[in-house]
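The values are calculated or read from the model by the stated rules, or taken from the named source; none is laboratory data. The structure presented is a predicted model; accordingly, all values stated were derived computationally and were not measured. Here Cβ is always computed from backbone atoms with ideal geometry, including for glycine, and neighbour counts include all displayed protein chains.
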Amino acid sequence: MSKEKSAPAAAANPPANQKLHLKYESMTAVFADHVVLNSTNGGVILDFASSIVSDPGSGDSTIPVHTRIAMTHHGAAQLLRMLSGLFTQAAPKEGES
């Protein structure tokens, strides 16, 4: 069952009179603490994983990727701007701890 939610203003740059809605095909969220980033001529590929798994026998480590996202360079740049703005807002101001 899909759900809809109004998108925050930072999510896109629609014309001032256009309201955007997010439509979720699934409300399931998957935790990822690791991301592997690859760039191609056509865009960016992000591989997400929850953990790094070590094999004590061989000494090798594996990153089990559970989600792969491909984005255009423009989309990745927009994501970078949005994340940067989010962290800038969340950072403590000078003199705060």
Contact list please: Cβ distance under 8 Å, first residue in region 51-76 and over 16 Å from PHE31 (Cβ atoms), second residue among the charged types (D, E, K, R) and not in a strand (DSSP E or B), pairs at least six apart or on different chains. SER54/ASP60; SER61/ASP55; THR62/ASP55
Within region 1-66, considering only strands (runs of 3 or more DSSP E) that don't extend past its boundaries, which have at least 2 residues that are under 25 Å from LEU86 (Cα atoms), at pLDDT 95 or above and not hydroxyl-bearing (Ser, Thr, Tyr)? 34-39, 44-49
